[in-house]
Amino acid sequence: MSIRVLGIDPGTAVTGYGVVESADGFPGRLVECGVIRTDTRQRLWQRLETLYEGIEELIARHRPDALVIETPFYAKNVRTTVVLGQARGVILLAAARAGLDIVEFPPAVVKKSIVGRGGATKPQVGYMVQQLLRLRRPPTPSDAADGVAVALTYMLRRHRLRA
């Protein structure tokens, strides 16, 4: 059975994404990865609208079976945490409206699943994404690699549960 997953590393300025597909096994293949950038000079609601439309477009183009997103980390700056929550909200709304399964993983679980350590660095995550998907180089920018890592975490955990 083939499955396609859209992994999201949420942000208001830069949201990383990765689309990974697997047919009865792991590793899968990278379909696409990249970032959705918003204009930091715009008002927050305009940036959230841009993010929502970007996620909607990815869902329409790739028709994933699931959207997998990182849960929020709690920043020292309360405003940052609240704004990140708003970005996650529009992403979750787009996925819910498309009827996708939605799965959430904390950042430490993603890092532990991909690298083996919950405190892994961005370069370590990128390198392991490269190795797991047999890519010539890590996805760039690092936000895109993080989006792919989120999707791969779902694939790894799904595979282990079926085994």
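The values are calculated or read from the model by the stated rules, or taken from the named source; none is laboratory data. Note that the structure is a prediction, hence the values are computed from the model and not measured. Note that we place each Cβ from the backbone using ideal geometry, even for glycine, and neighbour counts take in every protein chain shown.
Note on region 67-99: residues that are more than 17 Å from Tyr52 (Cα to Cα) and not hydrophobic (A, V, I, L, M, F, W, C) amount to 8. Among Gly11, Gly28, which is over 13 Å from the mean Cα position of the chain (by Cα) and modelled with pLDDT under 95? Going through Gly11, Gly28 in turn, the sole match is Gly28. Within region 10-25, restricting attention to residues that are surrounded by 14 or more Cβ atoms within 10 Å (Cβ to Cβ) and of a type in the set (A, V, I, L, M), the residue that is nearest to Pro107 (Cα to Cα) is Val14. Cβ separations smaller than 9 Å between residues 6+ apart or across chains give the following pairs from region 68-90 residues that are among the β-branched types (Val, Ile, Thr) to residues that are modelled with pLDDT under 85: Thr81/Pro72; Thr81/Phe73; Thr81/Tyr74; Thr81/Ala75. Inspection of region 78-90 identifies at least one residue that is modelled with pLDDT under 95 and either in contact with a strand residue (DSSP E or B) (Cβ under 6 Å, 6 or more places away or on another chain) or basic (Lys, Arg) (or both). Residue-level check: of (1) exposed (fewer than 13 other Cβ atoms within 10 Å of the Cβ); (2) touching a Lys or Arg at 6+ places or on another chain (Cβ under 8 Å); (3) over 19 Å from Ala144 (Cβ atoms), Asn77 misses just (2). Among the residues making up region 135-163, those that are touching a strand residue (DSSP E or B) at 6+ places or on another chain (Cβ under 9 Å) and more than 14 Å from Tyr17 (Cα to Cα) are Leu135, Met155, Arg157, Arg158, His159. Taking Thr38, is it buried (at least 18 other Cβ atoms within 10 Å of the Cβ) and either acidic (Asp, Glu) or within 16 Å of Leu92 (Cβ to Cβ) (or both)? Spelling it out, it is not the case that Thr38 is buried (at least 18 other Cβ atoms within 10 Å of the Cβ) and either acidic (Asp, Glu) or within 16 Å of Leu92 (Cβ to Cβ) (or both). Here is a check on your reading of the model: is Ala145 more than 20 Å from His62 (Cβ to Cβ) and of a type in the set (A, V, I, L, M)? Judged against the criteria, Ala145 is not a match. Can you say whether Thr71 is over 14 Å from the mean Cα position of the chain (by Cα) and modelled with pLDDT under 95, as far as the supplied structure shows? The answer is no for Thr71. Is it the case that Gly28 is under 19 Å from Pro107 (Cβ atoms) and touching a residue at least 12 places away in the same chain (Cβ under 8 Å)? It is false that Gly28 is under 19 Å from Pro107 (Cβ atoms) and touching a residue at least 12 places away in the same chain (Cβ under 8 Å).
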